[in-house]
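Chemist: What follows is a single structure, and I will ask about it in a moment.
The values are calculated or read from the model by the stated rules, or taken from the named source; none is laboratory data. Quick caveat: nothing in here was measured; it's all calculated off a predicted structure. For neighbour counting, all protein chains shown are included, and Cβ atoms are generated from backbone atoms with ideal geometry for every residue, glycine included.
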Amino acid sequence: NPTLKRIVMQQLRFSRLTSHYNPRYASDTLERVLRDPDTTLSGITPIKDDGTTTVWEITIDLHRCIIKRYNRKTLLHGIRRFFQRSRAQNCWLQAQALASIGIAVAPPIAWVQKKTLGLKRGSWLISKRVDGDDCHTTFENLKEGDNLLMANIVNSLVKLWRAGYSHGDLKATNILIANGNPVLIDLDATQHHRSRFFARRGITRDLRRFLKNWQAEPLIHQQAITALAAYEFKLPEQ
């Protein structure tokens, strides 16, 4: 299972905070962010805040970065998460794994875990910002759609599925188009499945959510179906 392979990284341990980062981005500036993410971000307006997650865009050492904080919902949620990876950790591991099999993702820089009395609290993921629009916006700008673009998107998804993964949330905003190529983001629900049964179930959910993006655009919806049919995937009933 590539999600469990040992990844070369450095660790800094602080009171209640554990941070993991890619050594190629190591710097004093990054370390200050990792030591106290909330203080670093306190004067910056989030670009998204839905209660469950809060997202900021900042610059670290000339790198345009996205910092996403996953908030603990309730004490019960924290207890349940005690036995699971935090969402930031899962994003970090899955991004490493997917990149290793040739799937484009937002390059992960670091993740931070906060614990209190052994229970996971908030966690943060820092990734490089991907310059590009989501795939729905890209298709809208193309007016008549683009068979090659849809084929590229489906090719990336098929590569994901054939490796035993499911993304878990294939809404259009989680598929960015950068220089004409798809980039998968928001990997906190991504899983590598150990059995064919769970893999099929995860892939079916991915297919259903992916096709739902195009329900109001019959031409693009048909392009997606045609591209998927070329790989002989059984399409879920709508």
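Chemist: LEU207 is checked against (1) buried (at least 19 other Cβ atoms within 10 Å of the Cβ); (2) not in a helix (DSSP H, G or I) and fails just one. What number does that condition carry?
Modeler: (2)
Chemist: With the requirement that a residue be touching a residue at least 60 places away in the same chain (Cβ under 8 Å) and not aromatic (Phe, Trp, Tyr), what does segment 156-175 give you?
Modeler: VAL158, LEU160, ALA163
Chemist: Follow-up question, since we're still on this one. Any chance you could count how many residues in segment 180-204 are surrounded by fewer than 17 Cβ atoms within 10 Å (Cβ to Cβ) and assigned to a loop (DSSP other than H, G, I, E, B)?
Modeler: 3
Chemist: In the list ALA106, ALA88, ALA97, which residue meets the criterion of being among the small types (Gly, Ala, Ser), over 20 Å from ASN181 (Cβ atoms) and modelled with pLDDT of 85 or more?
Modeler: Numbers: ALA106 fails: over 20 Å from ASN181 (Cβ atoms); ALA97 fails: over 20 Å from ASN181 (Cβ atoms).
The conditions single out ALA88.
Chemist: Would it be correct to say that GLY122 is touching a strand residue (DSSP E or B) at 6+ places or on another chain (Cβ under 9 Å), modelled with pLDDT under 90 and not aliphatic (A, V, I, L, M)?
Modeler: Working: touching a strand residue (DSSP E or B) at 6+ places or on another chain (Cβ under 9 Å): yes; modelled with pLDDT under 90: yes; not aliphatic (A, V, I, L, M): yes.
So GLY122 fits the description; yes.
Chemist: Moving on to the next point. Provide a single number: the residues in segment 39-66 that are part of a strand (DSSP E or B), touching a helix residue (DSSP H, G or I) at 6+ places or on another chain (Cβ under 6 Å) and farther than 19 Å from LYS114 by Cβ. Can you show your working first?
Modeler: Let us first name the residues in segment 39-66 that are part of a strand (DSSP E or B), namely 48-49, 53-60, 63-66.
Of the ones still in play, those that are also touching a helix residue (DSSP H, G or I) at 6+ places or on another chain (Cβ under 6 Å) are 56, 60.
Imposing the further condition that a residue be farther than 19 Å from LYS114 by Cβ reduces the set to 60.
Number of matching residues: 1.
Chemist: With buried (at least 16 other Cβ atoms within 10 Å of the Cβ), modelled with pLDDT under 95 and either of a type in the set (Gly, Ala, Ser) or assigned to a loop (DSSP other than H, G, I, E, B) (or both) as the only criterion, which of ALA227, ALA216 stands out? Full working, then the answer.
Modeler: Details: ALA216 fails: buried (at least 16 other Cβ atoms within 10 Å of the Cβ).
Being buried (at least 16 other Cβ atoms within 10 Å of the Cβ), modelled with pLDDT under 95 and either of a type in the set (Gly, Ala, Ser) or assigned to a loop (DSSP other than H, G, I, E, B) (or both) holds for just one of ALA227, ALA216, which is ALA227.
Chemist: What do you reckon, is ILE177 assigned to a strand (DSSP E or B), at pLDDT 95 or above and farther than 28 Å from ARG72 by Cβ? Step through it out loud before you land on a result.
Modeler: Details: assigned to a strand (DSSP E or B): yes; at pLDDT 95 or above: yes; farther than 28 Å from ARG72 by Cβ: yes.
Answer is yes for this residue.
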